[in-house]
Amino acid sequence: MEEIQETTAEDMSFPPSEPMLYRDIQYSQKQRLTVKIRELDRVLGGGIVLGSLVLIGGEPGIGKSTLLLQASRDFSEEGKKVLYVSSEESLEQMKMRGERLGIDQGELYLLAETNLEKIMDHAARLKPQVFILDSVQTVFSSKLSSGTGTISQVREVTNQVFRFAKKNDICSFLIGHITKEGSLAGPKSLEHMVDVVLYFEGERDHSHRILRAFKNRFGPVSEIAVFNMESTGLRAISNPSAFFLKERPEEEPGSVVTCTIKGSRPLLAEIQALVSSTLFAGNPRRMTIGLDRYRTAMLLAVIEKKLGFGFGGQDIHMNVAGGLFIKEPAADLGILAALVSCIKNKSVPSGFTMLGEIGLSGEVRSVNQTLARIKEARSLGFKSVVLPKGNLSELKKEKIKGIDLIGVKSIRQVVEVLF
Ligand code: TYD
Ligand code: MG
């Protein structure tokens, strides 16, 4: 069967395009709706912009429907009209979830429907201020003959919701499932079509969930929020640093705390290293969870060359506790300290936190936003920060009290200071 026309790119331009002189262009700050869930607000960059489309992706069962039903509850309690469409669950199922979340008032409409055109008709008639579609992979447009969940279908669904949101200034959310492999036709192929992409992550065996901004046309990215899944829904964890360090073993070789920046916020994290003799002679294991594998390999090479350790016969496992992912070079010093501490079987002195990038010559290089990181460490009771000497001079004028700042220039010096 021939496919009927998909929505085209031209349909999506708002308003009709015309070249304009730069100096004649006026703009106003886009209005935002704030959500009572402050953490969600922050990840969105301070509320959701009117007329924007937010995609929330995550594995099945992670809590996407819960999060958005909770947000719907809060919007409706503040007098907003909300339409929550589910193409996966019946009205009864949604209501049962709603009971757990304590929804009892407000203009919250639920709709169980899989046909996109019917959904959009209802939405156009109801004129909600907030529109939620759960999920993009389980609705279908009758404009297309291809099956539900195929790439052309999810794109068409996204297009129609996007246009609806823009035309009517409606805050819209789309839920999309992704599998561990990230393969499913869906969120990944839609990232370029929406205004904001958030990913909801976590392990099934842990109750905490991390909401991460991946793309945001109206705010910062890499902002994160941490939630705990409880029997009455998701609860925001307001002090994630404390949360991630909660179960840290004190005085244990191979465990080190660093302070990373996630979006606008500093976050303390525990880096762990385990070095053990290998059973795979000639091809030892190098496993990293939560760290960049190439960066870690580079650091291993620098440590071997500059500090004279040999990793040839050793398996190395590195991990960031709590399911965090740290990419930034500022964590280099933490990785190094964890490794050396494990090899020497000596713990890093308690109350120490590590900051700094390492170069190929074993030099320790400056990092950004040191002040925010130091303050975060101090607020959690850390007594000393080992940091690049380069940062130390710029911090002089800040007169930081209550925490020792130890400047280092080379990794050899780091080892001297710590062990
Ligand atoms: P759900 O929001 O249905 O996940 P998704 O939409 O991402 O597939 O959440 C599913 C899990 O959350 C399920 O295992 C039950 C659990 N849950 C709670 O622990 N507490 C709650 O209050 C609710 C509503 C769900
Ligand atoms: Mg769901």
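In the set (1) closer than 18 Å to LEU67 by Cβ; (2) within 16 Å of ligand 2 (Cβ to nearest atom); (3) open to solvent by 20 Å² or more (accessible area, probe 1.4 Å), GLY106 fails one condition alone, (2).
Would it be correct to say that GLY57 is touching a Pro at 6+ places or on another chain (Cβ under 6 Å), in the same structural domain as PRO128 (by TED's automatic domain parsing) and at pLDDT below 95?
Judged against the criteria, GLY57 is a match.
Among the candidates VAL221, VAL226, which residue alone is assigned to a loop (DSSP other than H, G, I, E, B) and either in the same structural domain as ASP41 (by TED's automatic domain parsing) or surrounded by fewer than 14 Cβ atoms within 10 Å (Cβ to Cβ) (or both)?
So the residue among VAL221, VAL226 that is assigned to a loop (DSSP other than H, G, I, E, B) and either in the same structural domain as ASP41 (by TED's automatic domain parsing) or surrounded by fewer than 14 Cβ atoms within 10 Å (Cβ to Cβ) (or both) is VAL221.
When the range 60-99 is filtered for residues that are more than 9 Å from ligand 1 (Cβ to nearest atom), hydrophobic (A, V, I, L, M, F, W, C) and farther than 22 Å from ASN168 by Cβ, the ones remaining, listed by number, are LEU91, MET94.
Looking only at residues in the range 264-285 that are hydrophobic (A, V, I, L, M, F, W, C) and surrounded by 13 or more Cβ atoms within 10 Å (Cβ to Cβ), the one that is nearest to VAL43 (Cα to Cα) is LEU267.
Close contacts from the range 230-242, counting a first residue that is closer than 13 Å to PRO266 by Cβ and a second that is among the hydrophobic types (A, V, I, L, M, F, W, C), with Cβ to Cβ under 7 Å and a gap of 6+ residues or different chains, come to PRO240/VAL226; PRO240/LEU267; SER241/LEU267; SER241/LEU268; SER241/LEU380; ALA242/LEU380. Look at the range 102-126: where a residue is at positive phi and a partner is open to solvent by less than 80 Å² (accessible area, probe 1.4 Å), sitting 6+ places away or on another chain with Cβ atoms under 6 Å, you get GLY106/SER76; GLY106/GLU77.
The values are calculated or read from the model by the stated rules, or taken from the named source; none is laboratory data. Quantities reported herein were computed from a predicted structural model and do not represent experimental measurements. With ideal geometry, Cβ positions are generated from the backbone for all residues, glycine too; neighbour counts draw on all protein chains shown. Keep in mind that these areas ignore ligands, DNA and RNA; they rest on the heavy atoms of the full protein, side chains included. Shrake-Rupley method; radii C 1.70, N 1.55, O 1.52, S 1.80 Å.
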